[in-house]
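These notes are about the structure you will find just below.
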Amino acid sequence: MSSHHIVREKQEPALLVLGIDSFPEELLGQLLEWSPTVITTPHTAEKLDASGIKVDWMITDGDHGIIQSDVKVMSAGDATMAAAAFNYLIANHYPAVNVVTDELDLNVFLQYAGKINLVIFHDQQKIYAVNSGFSKWKPANEIIKLLTEPDGLKYTGLERIGEGEYKTTGDGFFTLQFKDAFLFVAEAVD
């Protein structure tokens with residue numbers, strides 16, 4: 001007996017591809033599994049097209065060459081390409097976005113952390129913004145990195161092993177408490 005799942009539009013996170021030079025093709029395939037809305041830049045659109053990946057939206061800063069006939073174009077205007085994509089996704093009520101990027105500037109993402117659920121894939125890391133009180137189950141000896149230095153950090157289930165680097169003390173939940181609005185956490189991509 002088989003089961004069939006109906007995927008509604010915007011049910012799965014959108015996929016913003018800003019750069020894929022150091023991103024594993026297998027993981028990209030996993031992110032594309034449920035046919036998300038794919039948004040990218042002209043440069044990255046060429047690479048996606050060469051891999052046979054359909055692009056829905058291309059963000060431009062004016063000059064562009066459309067690679068696929070049914071690609072919609074959005075102008076970045078005065079915003080960065082990432083900001084233009086986030087503004088579009090938020091205005092169109094997307095609850096979440098997976099971002100694949102070769103360059104990481106957390107300040108670009110910080111202003112959107114409270115408006116859309118962000119998961120950023122960069123340099124073999126999965127990065128996400130969390131609120132104080134965040135809790136997650138992990139096996140023992142997993143490495144967790146805190147990419148921003150939170151004010152008043154308190155944690156359970158972790159042992160500090162270096163600057164911004166922690167290891168889970170056992171199988172189970174670790175918890176983070178802090179005073180800031182958000183904290184960026186990174187873990188290794190499986």
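Looking across segment 93-115 at every residue that is assigned to a loop (DSSP other than H, G, I, E, B) and touching a residue at least 40 places away in the same chain (Cβ under 8 Å), the one that is surrounded by the most Cβ atoms within 10 Å (Cβ to Cβ) is identified as Thr101. Return the only residue of Leu118, Leu89 being in contact with a strand residue (DSSP E or B) (Cβ under 9 Å, 6 or more places away or on another chain), under 30 Å from Met74 (Cα atoms) and free of Cβ contacts under 8 Å to residues at least 40 places away in the same chain. After applying the criteria, what remains is Leu118.
Only one of the listed residues (Glu26, Glu12, Glu46) is part of a loop (DSSP other than H, G, I, E, B) and either touching a Ser or Thr at 6+ places or on another chain (Cβ under 6 Å) or not polar (S, T, N, Q) (or both). That residue is Glu12.
Every condition in (1) closer than 21 Å to Phe178 by Cβ; (2) touching a Lys or Arg at 6+ places or on another chain (Cβ under 6 Å) holds for Ile90 except the one numbered (1). Provide a single number: the residues in segment 130-149 that are in contact with a Ser or Thr (Cβ under 8 Å, 6 or more places away or on another chain) and part of a loop (DSSP other than H, G, I, E, B). Adding up the residues that qualify gives 5. The residue that is modelled with the lowest pLDDT, counting only those in segment 134-190 that are within 24 Å of Leu110 (Cα to Cα) and of a type in the set (S, T, N, Q), is Thr148.
Residue selection: Lys72 fails the criterion of being basic (Lys, Arg), within 23 Å of Gln11 (Cα to Cα) and modelled with pLDDT of 90 or more.
Being out of contact with any Phe, Trp or Tyr (no Cβ under 9 Å at 6 or more places or on another chain) and outside the structural domain of Thr175 (by TED's automatic domain parsing) is a property that Leu106 lacks.
The values are calculated or read from the model by the stated rules, or taken from the named source; none is laboratory data. These figures come from a predicted structure and were not determined experimentally. Cβ sites come from the backbone with ideal geometry, for glycine too, and all protein chains shown count toward neighbours.
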